[in-house]
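Input: a single structure, listed below in structure tokens.
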Amino acid sequence: MADDTYLVDGYLPTIGIECHVQLRTATKLFGVMSNDARGAEPNTLVDQVCFGLPGALPVLNEEAVRRAAQAAFALNTTPQPFSKFDRKHYFYPDLPKGYQISQFEEPIILGGSIDIVQEDGTTKTVNITRAHLEEDAGKSTHPAGGDYSLVDLNRAGTPLLEIVSEPEMHSAHEAKAFAHELWLRMKFADVSDVDLYQGNMRFDVNVSVSKNPEELGTRSETKNLNSFKSVEKAVNYEIARQIQLLEQGEAIVQETRGWVDDKQKTVSQRSKEDAHDYRYFPDPDIPPIVLSEEYIADVASSVPDMPDVWRGRLGALGVERATIETLLEARVDVDEQILDCIVAAGSDARVKTYANWIVNIEVPLRKERAQQSKAIDVTPERRTSVYDGVALLIEADKLSSNNAKSLIVELLSTDTLPADFEAHAQSKGYIQMSDSSAIESIVQEVLDANPQAVTDVQNGEQKAIGFLVGQVMKVSKGTANPALAKEIITKLIA
Amino acid sequence: MSKLTREDVLKLARLSSLTLSDDEVEQYRTELASILDYVDQLKAVDVDGLKPTYQVSGLTNSMREDTVQPAKADAEKLLERLPSRDDRYIRVGRMI
């Protein structure tokens, strides 16, 4: 897109994003406590390392390094052969050591890029500056009316990868698309569980506006956004707020802001004037990470196809763009192997049918069951058996699409699959009646019971035929072939 | 002798969460200045072409398996020793 299409009241907005991704590990970055703080009582997943006691020795988690290396490939680059840890100093009660162990000078990822899909379907490349490993801080709460705060260190030490983009986005839509694409990639590459509700990915957006496209304006940083929607809203809010200030002749203050969802606005949190006073120095407790060529090659071969590869593959099979995006999301939040059956479907018609079944039947079913804490597990083998079996019945004209849906829902949720799908469907009354004489007797019954509708049809009212077909479907409990029923109704009335 | 202003010392104190008396500010102003002088002496050494020494142990990849282990200092003992707590929470001065 040309720069001028981005202009808002003559100002060019520029956005950079930092994202903290929680790595999928069992334990913390430097300690042996469990990483899974969901529902845990406060301060139960803590030891001397999380408390930052003098003499406690942090030891690096090899799995966190592996996940970060996988992330490099998800960002279209390779991990650095050499990286190391530094101490970042600041005082805050949720950081008991007085410093955070992070990577400042030599991060595990330098460079990289991801392509984002724009509103018009074209792609745009957004470059990645760097990504580094660091430990999370604890969580603090501030009881209303009290003169104290409460700290829970369960989350302290959780391994994070902080991914920093170049300031190359120019609209709220691009910022949202970047956050969404990062979410897809971090899950596809198995870097993180990417559960936004649990805070597995948290976005900080740096926004500035400028009348001169060659020069960046003063930026604000809105921190800790945990949904794509809030990224979009916070960026739009900041663009409007900054332009209004500048139009009033006021200056933008470089500061940290927070998004308040109740009020749908950002509010100032603290001034960033001391930003560079973290007094970083190399952490003497953690020896550097050296990744061999063999290790990097091994990680490379373990990282599966990224979303853009799937877009190309599914697009070539004739799946529509909007459907593809829904399928990619299903790969993230329903089932990692859900897409495989589409590629193996065998015919163009089946590709579309299977994509449609996943989007309209399996995904809603499994999300609903998961919400009711009755999650169902569907193996790729079962999915293929069910989809192929039901497709065969449809292709033989033995199943209506409504009954196909009922059958799929039932078969995906039962423990054992029936040996003979057709016999099973028959016993459930799903098999479509295509026997003319059987349908004819039902049609006759319906015509006798609805003389007014018959008169209406004779007077040329086409709607009445639809009503009669509906009655036939009702009497046959949905098993009559509707096209055949219509044909017979027309024949008998004429 | 390096120049260090009163404001420099107060800023450092703020970043380190320390409250200093006027006498202490003056004391640290001189002491820190002599440390800076020492650093200036080190800076005079020509280190062109040398890689920075981040660590002296010579170790690399000192890592552990990602398996949950029992704590050396367990949560209950750590909580018992807190100067101030509220049930299982660490209680601190109001932050915001």
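Nothing in this text is a laboratory measurement; each read-out follows from the coordinates by a stated rule. Everything quoted here is computed from the prediction, not taken from an experiment. Positions of Cβ are backbone-derived with ideal geometry, glycine not excepted, and every protein chain shown enters the neighbour counts.
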Q: Could you give log10 I(q)/I(0) at q = 0.20 Å⁻¹ for region A:1-109, computed by the Debye formula over C-alpha point scatterers of equal weight, without solvent?
A: -1.20
Q: Specify the longest stretch of chain A that does not include any exposed loop site, a site being one of the GluC sites (Glu not before Pro) with a non-H, G, I, E, B DSSP assignment and at most 14 other Cβ atoms within 10 Å.
A: A:337-460
Q) What's the percent breakdown of Cα-Cα distances in region A:3-295 across 10 Å bins, shortest bin first? A) 6, 26, 34, 24, 9, 1
Q) Are there chymotrypsin sites (Phe, Trp or Tyr not before Pro) in region A:143-231 that DSSP puts in a loop and that have at most 14 other Cβ atoms within 10 Å, and which ones? A) A:TYR197
Q: Using θ = phi - 60° and the Karplus relation 6.51 cos²θ - 1.76 cosθ + 1.60, list the HN-Hα couplings for region A:4-18 in order, rounded to whole Hz, with x at every Gly or Pro.
A: 5, 6, 8, 4, 10, 6, x, 9, 9, x, 10, 10, x, 10, 10
Q: Have a look at the protein assembly as shown and give its Rg and Dmax from the Cα atoms, expressed in angstrom.
A: 31.8, 114
Q | Positive minus negative residues near B:SER62 (Lys, Arg vs Asp, Glu; Cβ under 14 Å) | A | -2
(Q) Net charge within 12 Å of B:ASP37 by Cβ-Cβ distance, Lys/Arg positive one each and Asp/Glu negative one each, not counting B:ASP37 itself? (A) 0
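How many percent of all Cα-Cα pairs in region A:392-494 sit more than 16 Å apart?
Value for region A:392-494: 57 percent of Cα pairs lie more than 16 Å apart.
Quote the relative contact order of region A:436-493 in percent (integer), defining contacts as alpha-carbon pairs under 8 Å separated by 6+ residues. Present the calculation step by step, with values, prior to reporting the outcome.
Values: 46 pairs, mean separation 24.9, N = 58.
In percent, rounded to a whole number, it is 43.
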Q: Could you pull out every residue, at least 5 positions away or on a different chain, whose amide H is within less than 5 Å of the one on A:ILE431? Hs are placed 1.01 Å off N in the peptide plane, and Pro or chain starts have none.
A: A:GLN426
Q.
Give me P(r) over region A:162-300, computed from all C-alpha to C-alpha distances, binned every 10 Å, as integer percentages.
A. 10, 32, 30, 19, 7, 1
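Quick one: work out Rg over Rh on the C-alpha atoms of region A:170-250, Rh as Kirkwood radius. Mind showing how you got there, number by number?
Working: Rg = 14.6 Å, Rh = 13.8 Å.
Result: Rg/Rh = 1.06.
Rounded to two decimals, what ratio of Rg to Rh does region A:436-493 give with C-alpha atoms and a Kirkwood Rh? Before the final figure, lay out each step's value.
Values: Rg = 10.0 Å, Rh = 10.9 Å.
For region A:436-493, the value is 0.92.
Test of understanding: what is the full-extension gain from A:VAL253 to A:THR77, defined as 0.36 nm times their sequence separation minus their Cα-Cα distance? Before the final figure, lay out the partial values.
Values: separation 176, 0.36 × 176 = 63.36 nm, distance 3.50 nm.
This chain segment gains 59.9 nm when fully extended.
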Q) Helix A:62-74 versus the longest principal axis of chain A: what angle, 0 to 90°, nearest 10, using Cα atoms? A) 70 degrees
Q.
On the principal axes of its Cα set, how long, how wide and how thick is region A:87-229? Give whole Å, largest value first.
A. 50, 38, 32
Q: Mind listing the long-range amide H neighbours of A:LEU60? Cut-off is under 5 Å, sequence gap 5 or more, other chains count too, H placed in the peptide plane at 1.01 Å from N.
A: B:ARG64
Q | 4 °C / 1.567 mPa s Stokes-Einstein diffusion coefficient of region A:305-427, Kirkwood radius on C-alpha pairs, µm²/s | A | 87 µm²/s
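Order by neighbour count: A:HIS89, A:HIS170, fewest other Cβ atoms within 10 Å first, most last.
Working: A:HIS89 17, A:HIS170 21.
Lowest count first: A:HIS89, A:HIS170.
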Q: Report the far tail of the P(r) of region A:232-366, meaning the percent of Cα-Cα pairs longer than 22 Å.
A: 66 percent
Q. Using bins 5 angstrom wide from zero, how does P(r) for region A:226-300 break down, in % of all Cα pairs?
A. 3, 11, 13, 13, 11, 9, 9, 10, 11, 6, 3, 1
Q. Say a paramagnetic label sat at a point 7 Å from the Cα of A:GLU119, along Cα to Cβ; which residues of region A:160-189 have their backbone N under 16 Å from it?
A. A:169-178
Q. What are the radius of gyration and Dmax of region A:385-443, computed over its Cα atoms and given in Å?
A. 12.1, 38
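Given R₀ = 60 Å, what would the calculated FRET efficiency be for A:ASN356 paired with B:SER17, taking r from the Cβ atoms and rounding to 0.05? Walk me through the intermediate numbers first.
Values: r = 61 Å, r/R0 = 1.01.
With a Förster radius of 60 Å, E is 0.50.
Within a Cβ distance under 11 Å of A:ASP308, other residues only, what is the Lys/Arg minus Asp/Glu net charge? Don't skip to the end; give the middle numbers.
Working: positive: A:ARG185, A:ARG311, A:ARG313; negative: A:ASP115, A:GLU181, A:ASP305.
So the environment of A:ASP308 carries a net charge of 0.
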Q.
Give me the one-decimal nm value for the distance between modelled label points at A:LYS474 and A:HIS173, 7 Å along each residue's Cα-to-Cβ direction.
A. 4.7 nm
Q: Search the structure for amide H atoms under 5 Å from the amide H of A:ALA26, placed 1.01 Å from N in the peptide plane, and list their residues when 5 or more places away or on another chain.
A: none
Q | R0 of 30 Å, Cβ-Cβ distance A:SER373-A:SER427: FRET efficiency to nearest 0.05 | A | 0.50
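Sorted from fewest to most neighbouring beta carbons within 10 Å, what does the list A:LEU245, B:LEU4 look like?
Working: A:LEU245 14, B:LEU4 18.
The most exposed by this proxy come first: A:LEU245, B:LEU4.
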Q. Alpha carbon centre of region A:99-131 versus region B:1-66: separation in Å?
A. 32 Å
Q) What does chain B give for Rg and for Dmax, in Å, if only its C-alpha atoms count? A) 22.1, 57
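In what sequence, highest mean first, do A:29-38, A:396-405 appear when ranked by Cβ atoms within 10 angstrom?
Working: A:29-38: 21.5, A:396-405: 16.9.
Top to bottom by mean Cβ count within 10 Å: A:29-38, A:396-405.
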Q) Which value in nm describes the separation of the simple spin-label points at B:SER34 and A:ALA316, placed 7 Å from the Cα toward the beta carbon? A) 7.4 nm
Q) Between A:THR323 and A:ALA494, what is the label-to-label distance in nm when each label sits 7 Å out along the Cα-to-Cβ direction? A) 3.5 nm
Q: Putting +1 on Lys and Arg Cβ atoms and -1 on Asp and Glu Cβ atoms, find which of A:ILE394, A:GLY52, A:TRP310 reaches farthest to the positive end of the dipole of chain A.
A: A:ILE394
Q: Between B:MET95 and A:ASP397, take the C-beta separation as r, use R0 = 51 Å, and let me know the FRET efficiency to the nearest 0.05.
A: 0.15
Q. Stretched out fully, how many nm does the piece from A:GLN264 to A:TYR6 gain, at 0.36 nm a residue minus the Cα gap?
A. 90.6 nm
Q: Counting only DSSP beta bridges with both residues in the protein assembly as shown, tell me the antiparallel percent, nearest 5.
A: 90 percent
**Q.** In order through region A:192-206: 3J(HN,Hα) via Karplus (6.51 cos²θ - 1.76 cosθ + 1.60), integer Hz, x for Gly, Pro
**A.** 8, 6, 6, 7, 5, 4, 8, x, 5, 9, 10, 9, 10, 10, 9
